[in-house]
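J.: I'd like to ask some things about the structure below.
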Amino acid sequence: MAAIPYQTALIVGAGSGLSAALARLFVSKGLKLGLVARDTDKLKDLAGQTGAKLFRCDATNPAGVEKLFTEVDQQLGGADVVIYNVAGRVRGSLVDLDPKDVAFALNAGAFGGFLVAQQALKRMLVKQQGALFFTGATASIKGNAQSAPFAMGKFALRALAQSAAREFQPQNIHVAHFIIDGAIRPANVPVSPGQREDMIDPDAIAQIYFDFLAQPRGAWSFEVDLRTFIEKF
């Protein structure tokens, strides 16, 4: 694989799991980094470890997302890698769900992805390159019982990624979707050989994201699904 042509990454929906693994790996590879969350206080330790800039933003707010990218332009010189890692997890029977909770799940799962993609793509088109990655889940391709709002958001996010890939990959913007099929091991769960093999290692997932960044554009991947070797599918 070729060396990556990117300099700065922005992770929207940053937390202590996959996002933290991505942050540590990207910084180790020489990328500048921005981390975005509604609550940035929880990211202070990670920012201290990685030197990342912190940005407070609700990804479902159009004006807030526009302001976010203006701040990223000013403080980081823009971002040529943008990862949307937000999800709205709402569970319950369809007959009992609160419509407000369902609206939240759809907004976080898909509408926020649209807002972030729109701002990112406008800038990537000017630079004539970029990478726009979306984090999906089992629910991206399978709606389980008691989980309709989450699946609705993830299905829509996958459709957004497909449409964006078909429109913008010919313009040198790598759009990709990652289906995380299974639970990601929390950072505070100790692991020894033979234990917690039912959970996916966040560092291993992060490596796959980085490998996508290094793909030559003559053989870009759009989608990959990741699971442990014991996961049923």
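J.: Restricting to Cα pairs below 8 Å that are 6+ residues apart, what does the relative contact order work out to for the range 87-181? Please round to a whole percent. Before the final figure, lay out the partial values.
T.: Details: 144 pairs, mean separation 35.4, N = 95.
RCO, the range 87-181: 37 percent.
J.: Right, something else. Identify the residues of the range 155-180 with backbone N under 13 Å of a label point that sits 7 angstrom from the Cα of ALA219 along the Cα-to-Cβ direction, or state none.
T.: Inside the label zone: nothing.
J.: Still on this structure: Multiply the residue gap between GLN118 and LEU94 by 0.36 nm, knock off their C-alpha separation, and tell me the result in nm, one decimal place. Spell out each step's value before the answer.
T.: Working: separation 24, 0.36 × 24 = 8.64 nm, distance 3.14 nm.
This chain segment gains 5.5 nm when fully extended.
J.: What shape does the chain take by its C-alpha gyration tensor, where a ≥ b ≥ c are the square roots of the eigenvalues and a/c under 1.5 counts as rounded, a/b above b/c as prolate, and the rest as oblate? All intermediate terms of the calculation are to be shown ahead of the outcome.
T.: Details: a/c = 1.33, a/b = 1.17, b/c = 1.14.
Rounded shape, in that the Cα axes give a/c under 1.5.
J.: Can you list the residues, at least 5 places off or on another chain, whose amide H is less than 5 Å from the amide H of LEU33, using H built in the peptide plane?
T.: ALA9, LYS53
J.: Still on this structure, I have one more. Round to a whole angstrom and tell me the spacing of the C-alpha centers of the range 130-182 and the range 91-126.
T.: 11
J.: How about LYS42: which lysines have a C-alpha closer than 16 Å to its C-alpha, ignoring those fewer than 8 places off in the same chain?
T.: LYS53
J.: Related question: What's the FRET efficiency of GLN207 with GLU66 using the Cβ-Cβ distance as r and R₀ = 22 Å, to the nearest 0.05? Working shown, then result.
T.: Details: r = 32 Å, r/R0 = 1.47.
E between GLN207 and GLU66, to the nearest 0.05, is 0.10.
J.: For HIS174, list long-range residues whose amide hydrogen, built 1.01 Å from N in the peptide plane, is under 5 Å from its own amide hydrogen.
T.: Those lying under 5 Å, H to H, from HIS174 are GLY130, ALA131, LEU132.
J.: If I take every Cα pair under 8 Å that is 6 or more residues apart in the chain, average their sequence separation and divide by the length, what percent do I get for the relative contact order? Provide the component values of the computation, followed by the final result.
T.: On the way: 423 pairs, mean separation 48.6, N = 233.
Reported relative contact order: 21 percent.
J.: On a full-extension model of 0.36 nm per residue, what is the gain between GLN171 and LYS42, subtracting their alpha-carbon distance, rounded to one decimal in nm? Present the calculation step by step, with values, prior to reporting the outcome.
T.: Working: separation 129, 0.36 × 129 = 46.44 nm, distance 3.66 nm.
So the chain would gain 42.8 nm between GLN171 and LYS42.
J.: Next question, about the same structure. Among THR228, THR60, what's the order by accessible area (1.4 angstrom probe), most exposed first?
T.: Numbers: THR228 20, THR60 40 Å².
Final ranking, largest accessible area leading: THR60, THR228.
J.: State, as an integer percentage, the relative contact order of the range 121-233 based on alpha-carbon contacts under 8 Å between residues 6 or more apart.
T.: Numbers: 141 pairs, mean separation 32.3, N = 113.
Taking the mean separation of contacting Cα pairs over the length of the range 121-233, I get 29 percent.
J.: Ignoring ligands, DNA and RNA, please state the percent of accessible area on the chain from carbon and sulfur, probe 1.4 Å. Write down the numbers at each step before the final one.
T.: On the way: 5810 of 11320 Å².
Carbon plus sulfur share of accessible area: 51 percent.
J.: Where nothing but the Cβ of Lys and Arg (+1) and of Asp and Glu (-1) is charged, how large is the charge dipole of the range 67-189 around its Cα centre, in debye to the nearest 20? It would help to have the intermediate numbers written out before the result.
T.: Details: 12 positive and 8 negative charges, 27 e Å.
The dipole of the range 67-189 has a size of about 120 debye.
J.: Now for a separate question. Can you compute the charge dipole magnitude of the chain about its Cα centre, using +1 on each Lys and Arg Cβ and -1 on each Asp and Glu Cβ, nothing else charged? Give it in debye, rounded to the nearest 20. Mind dumping the intermediate values first?
T.: Working: 24 positive and 21 negative charges, 62 e Å.
That gives a dipole near 300 debye.
J.: Further question: Order the peptides 102-108, 176-182, 159-165 from the highest to the lowest mean number of other Cβ atoms within 10 Å of their residues. Don't skip to the answer; put the middle values down first.
T.: Values: 102-108: 19.9, 176-182: 22.0, 159-165: 18.0.
Most protected by this proxy first, the peptides run 176-182, 102-108, 159-165.
J.: Using the structure shown, list the pairs from LYS100/LYS127; LYS67/LYS100; LYS67/LYS154 with a Cα-Cα distance above 32 Å, or answer none. Intermediate values should be presented prior to the final figure.
T.: Details: LYS100/LYS127 39 Å; LYS67/LYS100 26 Å; LYS67/LYS154 25 Å.
LYS100/LYS127, as the Cα separations exceed 32 Å there.
J.: Subtracting the Cα-Cα distance from 0.36 nm times the residue separation, let me have the gained length for GLN146 to SER163 in nm, one decimal. Show your work: numbers first, answer last.
T.: On the way: separation 17, 0.36 × 17 = 6.12 nm, distance 2.81 nm.
Roughly 3.3 nm would be gained on extension.
J.: Which aspartates and glutamates, if any, have their Cα less than 20 Å from the Cα of LYS122, not counting same-chain residues under 8 positions apart?
T.: ASP58, GLU66, GLU71, ASP73, ASP80, GLU167
J.: While we're here: Can you show me the helix-derived [θ] at 222 nm for the chain, built from DSSP H runs with n ≥ 4 at -39,500 (n - 2.57) apiece and divided by the number of residues, rounded to the nearest 500.
T.: Values: 7 runs with 90 residues, N = 233.
Mean residue ellipticity, 222 nm, calculated: -12000 deg cm²/dmol.
The values are calculated or read from the model by the stated rules, or taken from the named source; none is laboratory data. All values derive from a computational prediction rather than experimental measurement. Neighbour counts run over all protein chains shown; Cβ positions are idealised from the backbone, glycine included. Note: accessible area is taken over every heavy atom of the protein model, side chains too, but ligands, DNA and RNA are not part of it. Shrake-Rupley method; radii C 1.70, N 1.55, O 1.52, S 1.80 Å.
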